[in-house]
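In what follows, a single structure is set out as structure tokens and then discussed.
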Amino acid sequence: MPDDVDAILTRTGAYLQGHFLLSSGRHSSAYLQMALPFEHPADGEVLARALAERVRLRGLVPQTVVGPALGAIVPGYALASALGCRFLFTERGSDGRMALRRGFAVTEGECLLVCENTVTTGGSVREVLEVLRVAGGNVIGVAVFGDRSPDPMTVFDVPYVALKRVDFASWEQDNCPLCQAGVPVVSPGSRHLR
Ligand SMILES: [Zn+2]
């Protein structure tokens with residue numbers, strides 16, 4: 001199963017190694033864009049089943065998966081499908097506040113697994129944890145497809161499962177060692193043109 005995951009990440013361009021211009025304008029030696037494998041539902045389902053297996057191995061049995069819009073809607077739905085449970089998403093309103101909207105609700109003590117597409121700082125996931133706890137939910141863990149966090153063990157206060165962890169540096173162009181070494185820089189969005 002892990003071989004399938006890595007093959008899909010490579011084939012879809014979700015995980016690349018080289019010299020990249022990120023959307024932030026910084027340069028990096030790797031690139032992770034976990035939306036790409038979900039272009040084709042069959043690929044996304046393989047990743048979701050692999051993450052669901054890790055959730056089960058960790059002993060986590062959620063009643064409901066909850067993810068923040070927009071990035072976690074499709075991956076979270078796929079994970080919920082693989083786990084055989086229901087799926088809700090949180091979203092930011094015009095007031096900027098993350099909340100359960102559209103009539104979504106959790107019951108007191110409901111076992112919830114928070115899902116995110118890719119975690120970097122973990123900030124939006126922590127907002128979701130807070131929203132769900134205030135609503136009375138029992139958050140039993142966090143499951144992510146991509147992990148770019150500096151130290152995953154300290155990011156959250158609940159059990160944490162990641163499908164693909166990558167740890168790579170990024171630099172301003174002026175300080176980029178790959179530029180200094182003369183390696184051509186690539187914009188990952190141009191992959192379809194190659
Ligand atoms: Zn560079």
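Side notes on the structure shown:
- When ALA82 is tested against (1) part of a strand (DSSP E or B); (2) under 17 Å from ALA52 (Cα atoms); (3) among the small types (Gly, Ala, Ser), only condition (1) is not met.
- Any hit, region 25-33, residues being of a type in the set (D, E, K, R) and within 17 Å of ALA169 (Cβ to Cβ): yes
- Of the residues making up region 31-59, not one is within 16 Å of the ligand (Cβ to nearest atom) and modelled with pLDDT of 90 or more.
- Among the conditions (1) touching a strand residue (DSSP E or B) at 6+ places or on another chain (Cβ under 6 Å); (2) surrounded by 20 or more Cβ atoms within 10 Å (Cβ to Cβ); (3) at pLDDT below 95, the only one that ARG26 does not satisfy is (2).
- Residues in region 61-75 that are in contact with a helix residue (DSSP H, G or I) (Cβ under 9 Å, 6 or more places away or on another chain) and closer than 10 Å to LEU113 by Cβ: VAL61, PRO62, THR64, VAL65, VAL66, GLY67.
- Filter result (in contact with a strand residue (DSSP E or B) (Cβ under 7 Å, 6 or more places away or on another chain), at pLDDT 90 or above and within 16 Å of the ligand (Cβ to nearest atom)) within region 156-176: TRP171, GLN173, CYS176
- Scanning region 90-139 for residues that are aliphatic (A, V, I, L, M), in contact with a helix residue (DSSP H, G or I) (Cβ under 7 Å, 6 or more places away or on another chain) and either within 16 Å of ALA69 (Cα to Cα) or surrounded by fewer than 17 Cβ atoms within 10 Å (Cβ to Cβ) (or both) turns up MET98, ALA99, LEU100, LEU113, VAL114, VAL119.
- From GLY67, GLY84, residue being surrounded by fewer than 19 Cβ atoms within 10 Å (Cβ to Cβ) and over 20 Å from ASP6 (Cβ atoms): GLY84
- Conditions (1) more than 16 Å from the ligand (Cβ to nearest atom); (2) more than 22 Å from the chain's Cα centre (by Cα); (3) among the β-branched types (Val, Ile, Thr): number failed by VAL185: (1)
- Between GLY71, GLY13, GLY25, GLY59, the distinction of being of a type outside the set (Asp, Glu), outside any helix (DSSP H, G or I) and touching a Lys or Arg at 6+ places or on another chain (Cβ under 7 Å) belongs to GLY13 only.
- If you go through region 149-166 and keep only what is more than 13 Å from ALA50 (Cβ to Cβ) and buried (at least 21 other Cβ atoms within 10 Å of the Cβ), you end up with SER149, TYR160.
The values are calculated or read from the model by the stated rules, or taken from the named source; none is laboratory data. Every value quoted in this text rests on a predicted model; they were computed, and no experiment measured them. Quick reminder, even Gly has a Cβ in these numbers, built from the backbone with ideal geometry, and neighbours come from all protein chains shown.
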